[in-house]
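The values are calculated or read from the model by the stated rules, or taken from the named source; none is laboratory data. Predicted model only: the values in this text are computed from it and were never measured. Ideal geometry is used to build each Cβ from the backbone, glycine not excepted, and the neighbour counts take in all protein chains shown.
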Amino acid sequence: MRVLTLLATLFLSTAIAQSYLPPLDPNEDITITFYNYNLASAGLGAQGTQRLIDEFMEANPNVTVEGVGVSSDQMISRIQADVVAGRAPDVAQIVFDDLDFLANGLGITPLEELVAPEELAAHYEGFNPRGLELGRLDGSTYGLAYTFSTPVLWINEDLFRAAGLDPDAPPTTWAAVQAAAQTIQDATDAYGVYVSVFGQFDWMFQSLVLSNSGRVLSEDRSELTFDTPEAIGAVQMLRDLRDAGLKPDLGFNEALEAFLTGNLAMYVQTSAVQSYLLSASQGVFELGAAKLPAFGDKPVQPTNSGSALFILTDDPMKQRAAWELMKFATSERGYTIITTEIGYLPLRPAIVRDPAYLGDWVAANPIVEPNLAQLENLSPWVPFPGPNYKQMALLMMAAVEEAVFGDAPVADVMLDAHERASALMPR
Amino acid sequence: MPALITIGVWIYKPLVQTFQLATYEWNLLPFSPKVFVGLTNFERLLTLPDMQQAAWNTVLYIVGTLPFSVFLPLAIALVTEDLHPRWRATYRALIFIPMIVPPVVASVVWRWLLHPTNGVVNLTLQNGFGLDPISFFRDTNIAIGSIIFISGWKLIGFATLIFAAAIANVDRTLLEAAQLDGANRWQSITRITLPLISPTLLFMALLSVLLSAQWSFAYINVLTQGGPRGATTNLYYLLWQYGFGTFAVGWSSAAGVILFVAFGLLAWVGLALIRRYSFYDA
């Protein structure tokens, strides 16, 4: 009997061992397609991403990576269409709000089933654990955290000085932001503050709600909770800024342009625009950065915008090639390219002070420090569940805009949207 | 017969399938469950908070585009008709240029021009006339006008070309005969030219009514994404946002059916009007 158990265990363990990905065969050429949204934006990371791919192919001569640029808002519908047409990409960079859909809708294979535990552990060595957590759902890792940015309070230091404020002591709470905005608007012609929270992605809204001790989705993912006083309070803060005449009614791009031309003093926006802001503000004004402000003394909990890498192919050899690409992209060298050439966060904290990687660069560019510091208390950008996840996010974000810029009471608008969106939750 | 089969396979079969798919909650993936939900998709779409506003805006887009697709181009075509051929070609070429600018490029250029703090238009208003800056794409009362103006501006060249071609086809002998009979310029336009180009006029008007809400799509998408607070959204944009953002085939098929029925009715009415009022020089 004992022999039988032993045999069975042996058989099972070999079966499991065999199911992991085979190593790359140096005699076999493999081509994989890589959908990437940085490749789709000439100004924001296409070059850096291509460099990442080129260096990977140099190190792995028998793997060819075909990078395809697909914009982030069209990524998921493009992949769906390609899956239906039977020509899905092998690996893709996808934003986190699609995580639930990828895991439960598309049914992709978690990394734990593809890669041996020792190999995974070796790669996770030195990786920011909070970052890794963001690619996980129900205990399985579906995506490997890749590019990350956090909401940063960008500052026009010249306007601060013009209004008699100290740009080296930027506001740390929303109340202080409001006061500073008032001072600046009284002293200059510029607008006070713009929080770039609107649009179809809800990650920054989630940052605000979390920082006001709320959530948009319950912990067990069964209920939408953006009808709570905490969530409504976060929206009310923005409405108060607007009612005080300190937050101009600008569109997403208009706000960016207003900031770049020196007409806006404080601008809360993703750190992903860092390289762009740095080069565009040259000679126009001195750019500063601070952490996301707090709601009173509540702890700030920034979420990330950004993406993970997902393996979509079923072919083991291509899965292996994709995994090797993912490992390189998230290696010390990979993050050095990503941080210096695109502007996303390095998810390997040790390389930040290491002169072999980012050390010199960070010393020369202290503006990245607030972004780096926020990695310490990062919270996941929570994806909505079920087939109607995008529609729920749309309803919620439309309500946020209505509540901030409209005339109806904030609570009325948010409660109405909550009721409508809740009807779309999976039954 | 092959033509009939082709139409059947490529047009009517998908049409019938659209009606079917509209009753499911499904994402088109072969391995994911296809849940029958009856008319829920229609109910969800028709009760969207922005639905009423989108329907009203669609009417505004239709009415607002007509001056740019019919009245202005007609006037330009008539006025330039009498010019020396070389000047006529120059004027019409100038008017045609916006037509060949890609919509996204045109949108970005207009966004720069109309920017509330840095745009040429607003700087002129501020410095030249001492006015407050106007937020052309964020003021709920103005934004839809800005979008209609930009899509209309793109359209004038095309419509002018169509009308110019129609006017050129009017039989010269009729105009000369009228002149001999003592008709003035205005009389020959209203009594001879306009009736003779009425099929083109009505066709262009119908095209404009049916498609104006679609023509504005690119500008809405680049400039306002339907905002501020739904002020520039229309039926197409709203249904596209909710239906096609995720490839949710139930939502998008239901959206397609709603548009098909609504604009099908409109087209039917329009065609009846054309038959009733067109005048052909037989």
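Mind checking which residues of region A:394-412 are within 9 Å of chain B (Cβ to nearest Cβ) and either part of a helix (DSSP H, G or I) or among the β-branched types (Val, Ile, Thr) (or both)? Hits for region A:394-412 are A:394, A:395, A:398, A:399, A:401, A:402, A:405. Screening region A:198-289 for helices (runs of 4 or more DSSP H) wholly inside it with 2 or more residues that are more than 14 Å from chain B (Cβ to nearest Cβ) returns the ranges A:203-211, A:229-243, A:274-281. Out of all the residues in region A:336-357, is one or more away from every other protein chain (no Cβ under 14 Å), within 16 Å of the chain's Cα centre (by Cα) and either of a type in the set (Asp, Glu) or surrounded by fewer than 18 Cβ atoms within 10 Å (Cβ to Cβ) (or both)? The answer is no; no qualifying residue exists. The residues on offer are B:196, B:201, and the sole one that is buried (at least 16 other Cβ atoms within 10 Å of the Cβ), modelled with pLDDT under 90 and either outside any loop (DSSP other than H, G, I, E, B) or of a type outside the set (Phe, Trp, Tyr) (or both) is B:196. Only one entry of A:124, A:142 meets the criterion of being crowded, with 22+ Cβ neighbours inside 10 Å, out of contact with any strand residue (DSSP E or B) (no Cβ under 6 Å at 6 or more places or on another chain), assigned by TED's automatic domain parsing to the domain that holds residue A:75 and among the aromatic types (Phe, Trp, Tyr), and that entry is A:142. Looking only at residues in region A:364-392 that are more than 9 Å from chain B (Cβ to nearest Cβ) and within 26 Å of residue B:241 (Cβ to Cβ), which one is surrounded by the fewest Cβ atoms within 10 Å (Cβ to Cβ)? That would be A:386. Restricting the first member to region A:277-298 and to residues that are within 17 Å of residue A:367 (Cα to Cα) and among the basic types (Lys, Arg), and the second to residues that are modelled with pLDDT under 95 and part of a helix (DSSP H, G or I), the beta-carbon pairs closer than 6 Å and six or more apart or on different chains are A:291/A:370; A:291/A:374. As for region A:124-133, it holds no residue that is assigned to a helix (DSSP H, G or I), within 14 Å of another protein chain (Cβ to nearest Cβ), under 27 Å from residue A:212 (Cα atoms) and touching a Leu at 6+ places or on another chain (Cβ under 7 Å). Scan B:16, B:79, B:70, B:35 and give me the residue that is surrounded by fewer than 14 Cβ atoms within 10 Å (Cβ to Cβ) and modelled with pLDDT of 90 or more. When all the criteria are applied, what remains is B:16. The conditions of being over 11 Å from residue A:264 (Cα atoms) and either surrounded by 15 or more Cβ atoms within 10 Å (Cβ to Cβ) or in contact with a Ser or Thr (Cβ under 7 Å, 6 or more places away or on another chain) (or both) are not met by residue A:193. Checked against (1) part of a helix (DSSP H, G or I); (2) within 14 Å of another protein chain (Cβ to nearest Cβ); (3) surrounded by fewer than 23 Cβ atoms within 10 Å (Cβ to Cβ), residue A:99 passes all but condition (3).
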